[in-house]
Amino acid sequence: MSKANEQSLDFIPFSVPALGQEEKDAVLRVMDSGWLTTAKEALSFEQEFASFVGGAEGGVAGVKALAVNSATSGLQLAYQACGVGFDWVTSNTEGGASSEGTAHSGFFTSGKKYSTPGKILTTPYTFVSTATAACHLGGGVVYADVEADGYNIDPAEVERRLAQDKDIRAVVPVHIAGLPCNMEEICAIAAKYGVPVVEDAAHAFPSKTKNGYAGTLGDIGVYSFYATKTITTAEGGMVCTKNPEYHKFMSTMRMHGIDRPVWNRYTSEKASWEYDVVAPGYKFNLPDVLAAMGRVQLQKADLLFQQRKAIAQQYNKAFADCDFLQLPPDGDGNAWHLYILRVVPEKLTITRNEFTQKLQEAGLGISMHFIPHFRLSYLRQTFGLDAADYPNAQKRFETSFSLPFWPGMSQEMVERVIDTVVQLGRKYYGN
């Protein structure tokens, strides 16, 4: 049980990880083994995660998983696999060198050549790393507004942007708060323009839809195991794909561009010390000590999801008759990672900012999801963003806030959150 359940109700944190003795035992087992970094635990975690999202019961067959040190790293690998950024001279290319601007030359034979680093297409209503992962590769970002009645990217805007810009290398829908985007429509549109789909599924585990789990519905899916997520490894993530070329490329780039797995070269008498470096890759691997925690959390994933869903249902029921609030959107496969409410400004005598400040003063650890990219100076200036071009995202930002919401919240905590929100709304209710 989390220590948060043992504390007073003076302050209710926004999020607390659901960790128990099993996770402690798993971490200590790895510490006692004498091997801390990527090895058997991480490999087992990959296999078990792939089996979870790609299993026979409602999964997508053929999924392979790669454990990484963060979802941000996973996005960078995914974008580069899709052709964002320039590659470098490699040692095993025909003729001994690659052409400038050749995508994935050498060990990944996409056969495509580009004259620019390319761009991704995503939503402005997401965490910053969805965009900056492309910036790290020298790529650009194109934005499509969110749907008028929700937080997810608008498929119609996706098509409009794809029709306008032929330099987009990946469409990146983000499943905000755990509610999957309209993936059938988005994938059909992307296929029409010959552009792969990278799902930012940082919020979307376990989001089980009628077509499979979110994160397996596009070409590549990237999950987050940050401390606030349904399952956590403290820091970490997972990249999933059914495409063997994408998998090979990302696997190689994840570990320094080395051409084969080398984790056992220090632990096996039969392991070879020989390897080649075919590209300047990255240090994006997930250590065993964290993977061990993830394996235990994965076994609890369904239980943790059900606990989140139960709290969401209590919130929904309590706030349904509050006309000064708008409930979160819901639908097929909602993982309920966040509980995002919207104030109805014309029903209150105070602003969203004033409302949330008073919630904080009353002891609730609230948050904002998200500050749109057109309000962040680096992205606004770099890509010439104007809030007027994204009216739906701007409206969501002006009115939304996220409540405390995590597995293990006591009933007293849930009721305290509900009572505080309702009483505050009634106090500042206006005609």
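Key figures
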read-out	value
Every residue from region 7-24 that is in a helix (DSSP H, G or I) and open to solvent by 60 Å² or more (accessible area, probe 1.4 Å)	Gln21, Glu22, Lys24
Condition check for Thr109: modelled with pLDDT under 95, under 22 Å from Met250 (Cβ atoms) and either of a type in the set (S, T, N, Q) or surrounded by fewer than 24 Cβ atoms within 10 Å (Cβ to Cβ) (or both)	yes
Residue pairs meeting the criteria (Cβ under 7 Å; at least 6 apart or on separate chains; first more than 13 Å from Leu19 (Cβ to Cβ), in region 285-299; second open to solvent by 10 Å² or more (accessible area, probe 1.4 Å) and among the β-branched types (Val, Ile, Thr))	Asn285/Thr38; Leu286/Thr38; Pro287/Thr37; Pro287/Thr38; Asp288/Thr37; Asp288/Thr38; Val289/Val27
Tyr378, sole failed condition from (1) open to solvent by 70 Å² or more (accessible area, probe 1.4 Å); (2) aromatic (Phe, Trp, Tyr); (3) more than 24 Å from the chain's Cα centre (by Cα)	(3)
Residue among Leu348, Leu327, Leu341 that is touching a Gly at 6+ places or on another chain (Cβ under 9 Å) and among the hydrophobic types (A, V, I, L, M, F, W, C)	Leu348
Val172 within 12 Å of the chain's Cα centre (by Cα) and β-branched (Val, Ile, Thr)	yes
Spans of helices (runs of 4 or more DSSP H) in region 333-431 with at least 1 residues under 21 Å from Ala18 (Cβ atoms)	411-427
Whichever residue in region 127-147 is aliphatic (A, V, I, L, M) and touching an Asp or Glu at 6+ places or on another chain (Cβ under 9 Å) and, among such residues, is surrounded by the most Cβ atoms within 10 Å (Cβ to Cβ)	Val146
Scan of region 25-61 for residues that are under 20 Å from Gly212 (Cβ atoms), open to solvent by 30 Å² or more (accessible area, probe 1.4 Å) and modelled with pLDDT under 90, ordered by number	Ala56, Glu57, Gly58, Ala61
Inter-residue pairs, beta-carbon under 8 Å, first at positive phi and in region 170-190, second surrounded by fewer than 24 Cβ atoms within 10 Å (Cβ to Cβ) and part of a helix (DSSP H, G or I), 6+ apart	none
Within region 165-219, considering residues that are among the aromatic types (Phe, Trp, Tyr) and crowded, with 24+ Cβ neighbours inside 10 Å, the one nearest to Ala335 (Cα to Cα)	Phe205
Scan of region 398-419 for residues that are in contact (Cβ under 8 Å) with a residue 40 or more places away in the chain, more than 11 Å from Pro13 (Cα to Cα) and not aromatic (Phe, Trp, Tyr), ordered by number	Glu398, Thr399, Ser400, Ser402, Pro407, Gly408, Ser410, Glu412, Val414, Arg416, Ile418
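The values are calculated or read from the model by the stated rules, or taken from the named source; none is laboratory data. On a predicted model such as this, the values are computed, not experimentally measured, just so you know. With ideal geometry, Cβ positions are generated from the backbone for all residues, glycine too; neighbour counts draw on all protein chains shown. Note: accessible area is taken over every heavy atom of the protein model, side chains too, but ligands, DNA and RNA are not part of it. Shrake-Rupley method; radii C 1.70, N 1.55, O 1.52, S 1.80 Å.
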